[in-house]
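> Shown below is the structure under consideration.
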Amino acid sequence: MATATSIVRSPAALLPAKVTVSDHKPTPTVQFSRFPSKRSCFTALLSSLHDNNNDDDNNNNNVISHPKPLSSSQLFNSVSNGSRLRVAYQGVRGAYSEAAAEKAYPNCEAVPCDQFDSAFQAVEKWLVDRAVLPIENSLGGSIHRNYDLLLRHSLHIVGEVKLAVQHCLLANHGVQLEDLSRVLSHPQALAQCENTLTKIGLSREAVDDTALAAKHVALHKLKDTGAVASSSAAKIYGLNILAQDIQDDCDNVTRFLILAREPIIPGIQNPFKTSIVFSLEEGPGVLFKALAVFALRQINLTKIESRPLRNQPLRAADDNNGSKYFDYLFYVDFEASMAEERAQNALRHLKEFATFLRVLGSYPVDTTMM
């Protein structure tokens with residue numbers, strides 16, 4: 001199995017190094033004593049960028065109820081006012097990701113981003129303090145895109161949030177259930193409500209986000225189309241809730257990761273979880289040996305996910321048959337803090353035969369549920 005060092009930086013230690021800032025300087029919202037002389041320059045730069053916005057953007061500065069999601073090309077147009085912790089999420093207002101951000105940080109300023117990658121970049125460019133992004137769902141499985149982005153970017157996992165997902169069927173006021181012929185929502189939400197929607201007899205159309213579906217139905221005043229979204233989206237966009245809890249399985253939970261520029265100091269007083277990614281050489285029993293380093297130390301694994309090595313998915317086998325095999329990265333979550341000696345020993349043992357190893361974060365376990 002080919003190494004992962006061809007596409008990512010090989011870490012020098014088990015714990016991830018601190019993120020360094022190169023071209024991008026901190027916003028005034030971050031207390032940052034290391035660069036006192038550069039703050040005024042950065043503020044002036046941001047002011048000049050802001051002044052170059054068109055009149056429509058300036059007129060929209062007073063509208064705070066429905067902020068436009070940040071895109072990769074607009075990241076420098078948003079500056080924190082320093083009043084609250086800024087937390088990025090993917091989607092528009094009313095998305096489940098916004099609810100997860102507010103659960104993690106109840107007094108935060110939730111900042112919508114149009115794509116997952118935009119949320120990562122917003123943290124890296126000091127436009128927000130944290131990002132809260134989904135990583136897996138109890139029914140739909142893993143969000144593979146965010147696993148790939150964890151490796152591509154240099155952010156650290158500093159926490160997790162588990163959110164119970166409760167889908168509602170929404171429509172404009174005056175529209176009855178029998179008036180609907182189709183429903184819009186995110187593909188996973190539609191799949192999670194498949195039995196209910198089939199019984200009602202609605203055709204399904206996928207969009208990028210549950211809250212975006214609700215916003216579209218409200219904005220265009222559709223009479224024959226509903227949306228599967230949250231009750232919060234119904235309030236925000238002025239829609240009527242025709243049916244609540246329409247998911248096929250009541251145990252519908254999404255787990256979100258909290259990402260930051262700097263790692264937290266792991267503790268041992270409360271339950272901690274550690275997330276790592278590694279790659280291995282090809283060979284019989286190699287993965288067994290990798291997982292055995294945890295079993296030997298009574299460390300419980302809560303998640304294992306394999307993803308193809310993007311730039312080198314295939315490699316020829318060391319034989320004369322011309323056969324090829326897939327190269328993979330393995331993402332593993334285990335129940336232990338990096339402050340514990342057994343966790344340190346396990347990773348030291350794993351590093352003996354892993355071709356690549358990176359600690360994504362060691363963080364407190366979310367033991368609460370909404």
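The values are calculated or read from the model by the stated rules, or taken from the named source; none is laboratory data. Keep in mind the model is a prediction, meaning the values are calculated, not measured. Here the Cβ is made from the backbone with ideal geometry for all residues, glycine too, and neighbour counts use every protein chain on show. For the accessible areas, the whole protein counts, side chains as well, though only heavy atoms, and no ligand, DNA or RNA atoms are used. Shrake-Rupley method; radii C 1.70, N 1.55, O 1.52, S 1.80 Å.
> Among the residues of the stretch 339-370, count how many are part of a loop (DSSP other than H, G, I, E, B), open to solvent by less than 50 Å² (accessible area, probe 1.4 Å) and among the hydroxyl-bearing types (Ser, Thr, Tyr).
So the count comes out to 0.
> If only one of 177, 212 is under 20 Å from the mean Cα position of the chain (by Cα) and open to solvent by 60 Å² or more (accessible area, probe 1.4 Å), which one is it? Step through it out loud before you land on a result.
Working: 177 fails: under 20 Å from the mean Cα position of the chain (by Cα).
The match here is 212.
> Still on this structure: In the stretch 327-363, how many residues are in contact with a Pro (Cβ under 7 Å, 6 or more places away or on another chain) and at pLDDT below 95?
2
> Same structure, new question: Consider residue 159 against the criteria (1) closer than 14 Å to residue 226 by Cα; (2) not in a helix (DSSP H, G or I): it satisfies all of them except one. Which criterion is unmet?
(1)
> Kindly check whether there is at least one residue in the stretch 248-258 that is at negative phi and assigned to a helix (DSSP H, G or I). Reasoning before the result, please.
Going through the stretch 248-258, the residues at negative phi turn out to be 248-258.
Narrowing the set further to residues that are assigned to a helix (DSSP H, G or I) leaves none.
Checked the stretch 248-258: no residue is at negative phi and assigned to a helix (DSSP H, G or I).
> Could you list, in sequence order, all residues of the stretch 83-123 that are in a strand (DSSP E or B) and in contact with a helix residue (DSSP H, G or I) (Cβ under 6 Å, 6 or more places away or on another chain)?
Start the filter on the stretch 83-123 by keeping residues that are in a strand (DSSP E or B), which leaves 86-90, 109-113.
Of everything in the stretch 83-123, those that are in a strand (DSSP E or B) and in contact with a helix residue (DSSP H, G or I) (Cβ under 6 Å, 6 or more places away or on another chain) turn out to be 87, 88, 89, 90, 110, 113.
> To continue, here is another question. Can you pull out every residue in the stretch 266-302 that is under 19 Å from residue 147 (Cα atoms) and open to solvent by 30 Å² or more (accessible area, probe 1.4 Å)?
Just the residues of the stretch 266-302 that are under 19 Å from residue 147 (Cα atoms), to begin with: 273-280, 301-302.
Across the stretch 266-302, the qualifying residues are 301, 302.
> For residue 221, which of the numbered conditions (1) closer than 30 Å to residue 84 by Cα; (2) open to solvent by 10 Å² or more (accessible area, probe 1.4 Å); (3) in a loop (DSSP other than H, G, I, E, B) fails to hold?
(1)
> Additional query: Looking at (1) open to solvent by 20 Å² or more (accessible area, probe 1.4 Å); (2) more than 24 Å from residue 145 (Cβ to Cβ), which one does residue 263 not meet, given that it meets all the others?
If we test residue 263 against (1) open to solvent by 20 Å² or more (accessible area, probe 1.4 Å); (2) more than 24 Å from residue 145 (Cβ to Cβ), just (2) comes out false.
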